[in-house]
Structure formats: C-alpha cells, structure tokens
Amino acid sequence: MTRVIKCQQDSDFWIALKAGRISGSGVPALLAPPTTRQSTRKGVVCPAGTEAKETAEYRRKLVVERITGRAVNNPTNQYMRDGTDREPYARAIYAAINGVEVIHASSVSVEGDTNFRPDLAGFALHPTWDWFGASPDGLVGEDGGIELKSPSEMTHAAYSQDISLLVEEYKGQCLSGLICYPEREWWDLASFHPDFPSDFMLLQAPRFHRSDWAETIALIEDKAQQLNAQVEAEIARRGFPPTVWSITPKG
C-alpha cells in the first residue's frame with residue numbers, strides 16, 4: 001500500500017523528505033546510457049562504455065545527502081517559481097478538459113507541514129522501500145495520476161511541435177508515480193503555459209498505461225535497487241553507519 005506524507009511540494013519539509021532518496025527527478029540519471037566514446041573527467045581518462053556522468057554525479061549527491069541528512073544542490077530559478085505559481089491553474093484546466101476531479105488520497109499521513117494543500121499528494125514513499133519516492137501533482141479518480149509542468153515559453157513551444165520531447169524528459173516522474181502507487185493503472189503528463197492560445201495552453205502527452213510501460217518500470221526498479229546498494233556501500237567505505245530512514249526528516 002502506498003505511503004503518502006501530506007506536505008506542500010517545494011516546501012523546506014518536502015525538500016528535506018527527498019534528501020538522500022531516489023525519486024522521479026533522478027530517474028533520467030538511473031537510465032542514462034554509458035558513454036559512447038572516450039572522455040576525460042577531472043583529469044581521469046574514461047574509456048567508451050564508462051558509466052554516464054549523470055549517474056555518477058547522482059550517486060555522489062545521494063551519498064552526501066544520506067550522510068548529512070540534508071539536501072544539496074537544490075537550486076531554484078524564476079521559471080521554477082513560475083511553475084509552482086501556475087500549477088493550480090494547470091490542474092484546474094486539466095480537470096475541466098478531461099471532465100475529472102484531481103484529488104489527494106493517502107493511507108499514511110504525517111503532519112509535517114501545516115501549510116500543505118489538500119489537493120496535492122505531497123510525497124509518496126514506495127510501498128516497501130523507504131529510500132524511493134515520488135511527488136505526483138495529483139491523483140485522478142481511482143486509477144490515475146498526473147504530472148503537470150509549467151516550463152518557459154520556448155520549451156512549451158518546442159513541446160507543441162514535438163510532444164515526444166515532453167515524454168522523454170518527464171517519463172521518469174510519471175513511471176515513478178506508477179511504481180509508488182501500484183494500485184493505479186495510468187498516469188497523465190501535461191505542459192501548461194498561460195500565454196499561449198487556448199488550444200495550445202495545455203499540451204497533453206499520450207497517457208502512460210502501466211501495461212504499456214511494464215518493461216521500463218521493471219528496468220527503473222532494477223536500476224534503483226542497484227544504485228541504492230552502491231550508495232550504501234560507498235557510505236560504509238567512508239566509515240559512516242548505514243542510513244536509518246525516518247518518515248520525519250531532520251529539522
């Protein structure tokens with residue numbers, strides 16, 4: 001059963017919850033293919049077939065976050081702040097277009113953030129892995145979920161010409177939602193920008209049906225378990241104790 005912590009996404013509490021945990025935003029690093037040609041990283045020659053730079057950097061980030069209990073490299077910019085501000089409008093438009101109600105539902109809740117909005121799903125832990133989670137932008141009916149993105153004008157315009165760009169960039173977050181909500185069968189993905197004509201304001205990607213993406217979901221789960229083991233092994237190598245997870249992060 002999914003374990004959901006009620007909290008405001010992008011809040012300090014939510015950021016602390018994610019620290020050290022593998023989550024949807026990290027899936028691209030999990031799936032990044034090995035390098036195809038020799039390169040040099042920090043003075044070290046890396047032959048073709050070397051692990052992707054994104055994967056190595058993500059591992060290092062998780063190691064430090066688990067040791068310290070705090071998030072690192074968590075920058076924000078104006079586009080991210082705009083996205084947060086626009087999300088309620090995107091959700092309302094999505095609900096109206098599709099004739100659905102976007103809801104929040106939880107089986108376990110912790111009052112960690114008194115400012116959470118009840119229409120958000122906060123942070124969902126994997127049913128059994130305390131080190132893996134997802135932050136859906138909403139749950140739809142009994143069977144679905146939704147990821148809503150509010151990018152820059154240029155990025156939204158690019159999605160309007162090729163929706164596969166949106167799919168490729170955010171499929172990890174959608175599939176992580178399905179992993180953390182095993183009782184749900186599909187996930188939607190949409191990009192929103194208020195300055196575009198009405199027909200192009202909300203761009204919806206093809207629905208992610210669990211059955212269609214079963215192979216990729218299994219791959220993500222396998223890669224996540226491998227990375228988690230590698231992170232804990234590196235923590236032990238450095239002489240630190242294994243990670244002890246808590247629903248409530250350090251203050």
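General observations
- Residue-wise HN-Hα coupling along region 9-23, computed from phi with Karplus coefficients 6.51, -1.76, 1.60 (Hz; x: Gly, Pro): 4, 6, 6, 4, 5, 5, 4, 5, 4, 6, 4, x, 9, 6, 9
- Whichever aspartates and glutamates have a C-alpha closer than 14 Å to that of residue 223, once near sequence neighbours (fewer than 8 apart) are set aside: 51, 54, 215
Computed from the coordinates by the stated procedures, all read-outs in this text should not be read as laboratory data. Note that the structure is predicted; figures quoted are calculated from it, not measured.
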